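Chemist: Right, I'll just put the structure down here and ask away after.
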Amino acid sequence: MDLSNFFAPNSLQGAAVLTVVLAFAGYLVTFLSTRMMAQRADKLRLVNKRLNEFYGPLYVASQAGHIAYKTMLKKQGKEKNIIVTEEELKDWILWLTTIFVPLNNIREKIIIEKAYLIVEEEMPQCLLEFVTHVVGYKAVLAKWAKGDYSERRSLIDFPPEFDNYVQRSYTALKAKQQRLMHNSVWSLYHQFINRKRR
């Protein structure tokens, strides 16, 4: 048996090797692109969940609370509401019970029930301070229910960095969502167009 013919390259063997190499390369490209698309889809699902269930509702409630608070101060002709006077008490009770407390309760519920969606590894301090601020108002409202209006504000102040944290996080997640959506849609679009041209 002459082994020289077996090891000598001929066009048929070259074509077979090239076919195997191309098939493997095609498989590898398909595998890697599918894996990348799946990873991107997973990232997009998490970003969407964080936006839809945590940062989005928290942002809307925070913006509404901020606008309402500024509106109340403007009505009172103040820049800050540190002390609630006797003349302002009726108005303060109305605004607090009908606007601020319901919005605070929404935000508190989101933070407590959806804490697993927080972007950071540890609970941000401003979120903890906000929840304790809300709890402080529950004590105030309990006194009011008994007719005792000696306390008018929560003993725990509203954390000044809370609104900034919520807005920053919401904005960053929206930007990430847009990048993930744009990249995946854009790449699928180009793949589709390129296949049509062939």
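Chemist: Scan region 163-177 and give yes if some residue there is over 30 Å from ASP42 (Cβ atoms), surrounded by 15 or more Cβ atoms within 10 Å (Cβ to Cβ) and either out of contact with any strand residue (DSSP E or B) (no Cβ under 8 Å at 6 or more places or on another chain) or free of Cβ contacts under 8 Å to residues at least 24 places away in the same chain (or both), otherwise no.
Modeler: So far as region 163-177 goes, yes, one or more of its residues are over 30 Å from ASP42 (Cβ atoms), surrounded by 15 or more Cβ atoms within 10 Å (Cβ to Cβ) and either out of contact with any strand residue (DSSP E or B) (no Cβ under 8 Å at 6 or more places or on another chain) or free of Cβ contacts under 8 Å to residues at least 24 places away in the same chain (or both).
Chemist: Something else about it: So which residues in region 118-142 are free of Cβ contacts under 8 Å to residues at least 12 places away in the same chain and within 15 Å of VAL101 (Cα to Cα), if there are any at all?
Modeler: LYS138, ALA142, listed by residue number.
Chemist: So which residues in region 139-162 are within 30 Å of VAL119 (Cα to Cα) and either touching a strand residue (DSSP E or B) at 6+ places or on another chain (Cβ under 6 Å) or outside any loop (DSSP other than H, G, I, E, B) (or both)? Lay out the reasoning, then the answer.
Modeler: Quick first cut of region 139-162, residues within 30 Å of VAL119 (Cα to Cα) only: 154-162.
If the condition is that a residue be within 30 Å of VAL119 (Cα to Cα) and either touching a strand residue (DSSP E or B) at 6+ places or on another chain (Cβ under 6 Å) or outside any loop (DSSP other than H, G, I, E, B) (or both), then PHE162 is the only one that fits.
Chemist: How do the helices (runs of 4 or more DSSP H) wholly within region 29-138 filter down when requiring 3 or more residues that are modelled with pLDDT of 95 or more and in contact with a Phe, Trp or Tyr (Cβ under 8 Å, 6 or more places away or on another chain): which remain? If you could, list the steps in order and put the result at the bottom.
Modeler: Numbers: elements: 56-76, 89-95, 101-113.
Of the helices (runs of 4 or more DSSP H) lying wholly inside region 29-138, those with at least 3 residues that are modelled with pLDDT of 95 or more and in contact with a Phe, Trp or Tyr (Cβ under 8 Å, 6 or more places away or on another chain) span 56-76, 101-113.
The values are calculated or read from the model by the stated rules, or taken from the named source; none is laboratory data. What you see is a predicted model, and the numbers here were worked out from it, not measured in a lab. All Cβ positions, even for glycine, are placed from backbone atoms using ideal geometry, and neighbour counts span all protein chains on display.
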